[in-house]
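Input: a single structure, listed below in structure tokens.
What follows is calculated from the coordinates using simple rules that are stated; it is not laboratory data. The structure presented is a predicted model; accordingly, all values stated were derived computationally and were not measured. A quick note on method: Cβ atoms are made from the backbone with ideal geometry, for glycine too, and the neighbour counts reach across all protein chains shown.
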Amino acid sequence: AQGTFGLCFPFSHSVQAVSMFATMRESVFLPCFCVAVCSAAPALRHAQSQFDDWQAPDHSRVAAASSTIVKVWNDGVRKLNMSDKQVIAMESAMQATYKALPKNSYGLLQHNAASYLVQKLVMQVYHYSIRGLEPDPASAETNLSDHSNKHQKISAPAMLQSLLESRNAGHGLSLRDAASLAVMINSLVMEHDAALMHQAFECLNWVKLLPENEEELSVPTVIKVIQAWQWLHRHDFHTDEDLFVEQMSTPVHAMYLFGNLATELMEAKFYYERHSRNPFKAKTLSIAETMQLAQQATLEMGAWQDPDCKAMKRYLIKLNPDRTGRVPLDTVYNQPEIDDDQDEQLFRFSESQDYLRSSGGLDESDPSRPQVLISNYLLGPQNCYRSNAVHTFCCLNECDALLTEVESVVGGSSAKLDVLIPLLGNLTTDSMDEPQPLSTSLVEKLSSIAVHNGGEVPLHGRLFAQWLHFAFPYECPYPHVTKKDGAGSTLTYFHGTADAKASWSDVEMLPFVEEEHVMLPGFRSFLRTAFMLLALGAIGSQVSVLARLQAHNLQHDVIGVDLEKCA
């Protein structure tokens, strides 16, 4: 185990190949995305953790059933067209950041900017991170030299984004589109949670851990089901049945957290319903209520588990008396394992130096004295829960909250110094007792950024991101400067979520502005026709899949839970 939870297994993002599907009235095509990043690691002195059992996280697959994607897409388009209240609420939450992000010539957000916006607001509103939508919080190896060009199917969140982009002829997303994408992804998460709850009942019944003849579920049974449900987010029952039985008997830290959260949510529910419940009857929940409890736990878990991150942050800050946001790697490696109240591991610092470098957690400006960047490390993928779902829980990004305050006041993509300096000087974080006036050095650096950009500071440029790191070293990650690849292209990553590494080229730029490629009309038509033909083939294969799934889905929808077998 490593990091806060030791449960994160990042998935491969070196190359992604897009698969397609179409719905009635929608003729869409999905472009292919290919990303390969290689960078030679410098020859530096290597420190060694005292925990010699650490292993680099494996890649885990992010998957969603085609029937679920189709259902979420159709429902999402309906909500988009009808201006559903969920979409409107998300649009309102996104508005400040949307105004601050650069737009293309069509006045829309291009792909990377839209992904950033959705990732940022999903974490702020729902408190979880999206897997399979760049920048991916569970993806670490953005800078390793041994990446191979393996093609993978596009993830469900990325597929939904591409479908929305196709409605605008590939020109980008509007604010309403981005809000709709966030709502669709949340629906995807809720659908997946419901499916795993069915499986949790089935698996507990299969290993005879579910009480018989219990029409209503007691509080201990509900906790057991929630812990099984959480376990299934990280494991495959078919291959790990023995581990399932073992950890249901002795739950690990993550299962304890979800069990405790479920207990608190149940107590709140019982209190709210105290006047309508029979006081002489034992407190129980129905299966339907337990399903709703699990989905509520997903929305609450991000904030519920963040105290673990805060505990690690406070621990690292104590190792940094000069408040630079950096701790010598040797010092970090000499720290003991930190356990929780149940003597379960809370965190330990065991990642290899190579891994920390690849995930952006090191400052190696002095090769003889590598240092851990506290904010980069906290937001690294090793501190996310391991997950086979389309979402995971990482340390909440405090820098995003700071930047959102700035965006709300500025109301645009850049700001003058007379607006920024008093605004930034009044910001506070949990590592400050009170607002700290900006030092002369920080004011001078901010002024130089404005001079470099015609008198205003771009809010989403590399230099301002770097400035934020030095002003708030415990909250804002350092934006590493990228290299050039063999073809001379700049390899760029984006800052603002729980992404492992935030990088820009060494030229000041707005990192969310992508080059707009001009394509000849005839060639565009040819490609569109080809993609539509491929989509028709994909639809044909999905019809048989949906038919097979219909019977099983009908059983779940009408009867409830199949407790006869574990599937």
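Numbers at a glance
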| item | result |
| --- | --- |
| GLN95-ASP341 pseudo-label distance in nm [points 7 Å out on the Cα-to-Cβ vector] | 4.2 nm |
| Trypsin sites (Lys or Arg not before Pro) within region 395-477: DSSP coil, no more than 10 neighbouring Cβ in 10 Å | none |
| Separation in nanometres of the label points that stand 7 Å from Cα toward Cβ, at ARG314 and ASN334 | 2.4 nm |
| Relative packing of 433-439, 157-163, 446-452, which averages over residues the other C-beta atoms within 10 Å, highest first | 157-163, 446-452, 433-439 |
| Residues ASP418 and SER439, FRET efficiency given R0 of 25 Å [Cβ-Cβ distance, rounded to 0.05] | 0.90 |
| Loop sites in region 179-229: GluC sites (Glu not before Pro), DSSP, at most 11 other Cβ within 10 Å | GLU212, GLU214, GLU215 |
| Förster-model FRET efficiency, 45 Å R0, VAL207 and SER83, C-beta, rounded to 0.05 | 0.45 |
| Sites matching trypsin sites (Lys or Arg not before Pro) across region 296-352 that sit in DSSP coil, with at most 15 neighbouring C-beta atoms within 10 Å | ARG323 |
| Two-site label geometry, ALA65 and GLU216: point separation in nm, points 7 Å out along Cα→Cβ | 3.0 nm |
| Cβ-derived FRET efficiency at R0 35 Å, ASP430 paired with HIS452, nearest 0.05 | 0.65 |
| Peptides ranked, highest mean first, by Cβ atoms within 10 Å: ranges 350-358, 258-266 | 350-358, 258-266 |
